[in-house]
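Written below as structure tokens is the structure these notes are about.
The values are calculated or read from the model by the stated rules, or taken from the named source; none is laboratory data. Here the structure is a predicted model, which is why all the values come from computation and not from measurement. In this analysis, Cβ positions are derived from the backbone assuming ideal geometry, glycine residues included, and neighbour counts consider all displayed protein chains.
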Amino acid sequence: MRIVIAGNGFAGVTALETIRSQDSQVEVALVSRETRGFYSPASIFAYMEGRVDEAHLIMRDADFYTRMAVQTHFGAAVQRLDTEARTLLLDDGTALTYDRLLIATGAVTAGWSIPGSRARGVFKLDWLEDAQSLLSHPLRRVVLAGAGRIGVELAAVLAERGAAVTMIEIQSTVLPGVFDPDMAALIQQRLVEHGIEVRLNEGLVEILGDPVVGVRTERGEIACDAVVLAMGRRPNVDFVNPGQVGLGSGGGILVDEHLRAADGVYAAGDCAETWDLFGQRAINAVIPTALDTGRIAALNLLGQPTPYPGSINANALIVFGRAYFSLGSLHGERVHARRDGVAEAYVVRDGRLVGAQFAGETRFAAQAQAAIRRSITLQERFSFDALRKRMICPVTVANINR
Ligand SMILES: Cc1cc2nc3c(=O)[nH]c(=O)nc-3n(C[C@H](O)[C@H](O)[C@H](O)COP(=O)(O)OP(=O)(O)OC[C@H]3O[C@@H](n4cnc5c(N)ncnc54)[C@H](O)[C@@H]3O)c2cc1C
């Protein structure tokens, strides 16, 4: 049997390691459009801040692929998938046949239909090379289009490098859909306190000049010498023929409970449309989901039936040294609490904990995640006191009660 993995990110590498933990003989090939080894996109901000260099970003040593006995095709992008011929066509002309294929090609920046978006001075942040080209540009006045997770963290990094940053967001809060409005307001306040201009309810209409001299929004013009598109990401699956592999409403590869998309074809990570723990179809584009789906897809394609239980949405970010964490759903009744400079919000639906958010520290995130899982799978009822007692060590409980 020959397995081909398309993608050298969290999902692809986890799948490779899972395959080798189960089977040392099966033939495996791995394709990646990048030439460098496996790294975490989440570390790109540390790289931009100068806290880590490129060599230390790489998460597997040079011998890793030899030890995994995998045939690598680095610097080659998948151009076309033909599921009938069971063949992947790469842009270097190679045709790779497979018995089982895992598509793990991640997601890329959306928004290229905005007029002017191909001008010099317009950037995105998908891969390390994007960070490098952004850093090589003079960054005096930057417009960040989109106040999602990448936009917010990038705004902080660029401001710390001395850029004057304006962030525009079409929705009414920063981090829409990630934090509830109260928590989002705290994050917005943090951005503003550090000199970032945040303009909400304002959509990007056009990018002006080539090279860039400004942007036009729904409310007027803003002068700048660089624009970063951070208005959302879409699954990176242009090489898929939707007649052969189904795509969902979010543009991701639709998979069944075994993460199978078509005969012999599986998908994992940011390019796969799976579901959350509440059973809602979703692309949960975060590292924990890529790890889980990469592992489970690998077991399934090896012939070990393993259903995917669904993911809990989890987003962590650091803004000017302060940590924020959001878990699960935002929809339900909200219980807010504040203590020792930490803000917490719990989301309760039908008496059960379905979401939690923290500002100021994230050390209870793992316990909160376990509590959400229990509340859904074991139908455990929400009790704020019980949750607090479970999540906080006795000394701290005593302190709070005093
Ligand atoms: C700047 C940034 C910061 C982030 N921060 C966080 C964070 O703090 N926490 C968090 O949980 N998530 C974060 N994410 C999201 C997280 O990185 C992704 O959810 C995760 O990397 C998804 O893993 P993946 O394996 O599906 O895709 P990726 O890690 O994106 O890997 C995709 C792989 O496919 C390869 N590839 C792409 N196209 C092709 C092609 N056509 N042919 C062949 N190979 C191809 C790429 O080279 C890469 O090796 C961040 C993302 C970005 C961009």
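Of THR105, THR109, THR94, which residue is under 23 Å from ASN300 (Cβ atoms) and at pLDDT 95 or above?
Only one candidate qualifies: THR105.
Which one of ALA226, ALA268 is touching a His at 6+ places or on another chain (Cβ under 9 Å) and either within 16 Å of the ligand (Cβ to nearest atom) or hydrophobic (A, V, I, L, M, F, W, C) (or both)?
Answer to the selection: ALA226.
Going through THR274, THR293 one at a time, which residue ends up being within 13 Å of the ligand (Cβ to nearest atom) and not in a strand (DSSP E or B)?
Residue meeting the stated conditions: THR293.
Going by what's in this entry, would ASN300 be described as part of a helix (DSSP H, G or I), free of Cβ contacts under 8 Å to residues at least 60 places away in the same chain and of a type outside the set (Ser, Thr, Tyr)?
yes
I need a count of the residues in the stretch 103-120 that are on the phi > 0 side of the Ramachandran plot and buried (at least 19 other Cβ atoms within 10 Å of the Cβ).
2
Would you check if there is a residue in the stretch 281-288 being of a type in the set (Lys, Arg) and in a strand (DSSP E or B)?
yes
Any residue in the stretch 169-187 that's at positive phi: show its pairings with residues that are among the charged types (D, E, K, R) and surrounded by fewer than 24 Cβ atoms within 10 Å (Cβ to Cβ) at Cβ separation under 9 Å, as long as the two are six or more apart or on different chains.
LEU175/ARG149
Only one residue in LEU154, LEU88 is within 14 Å of the ligand (Cβ to nearest atom), closer than 30 Å to GLY264 by Cβ and either modelled with pLDDT of 95 or more or part of a loop (DSSP other than H, G, I, E, B) (or both). Which one?
Only one candidate passes the filter, namely LEU88.
Within the stretch 36-83, considering only helices (runs of 4 or more DSSP H) that don't extend past its boundaries, which have at least 1 residues that are away from the ligand (no atom under 11 Å from the Cβ)?
So the answer is 54-57, 64-67.
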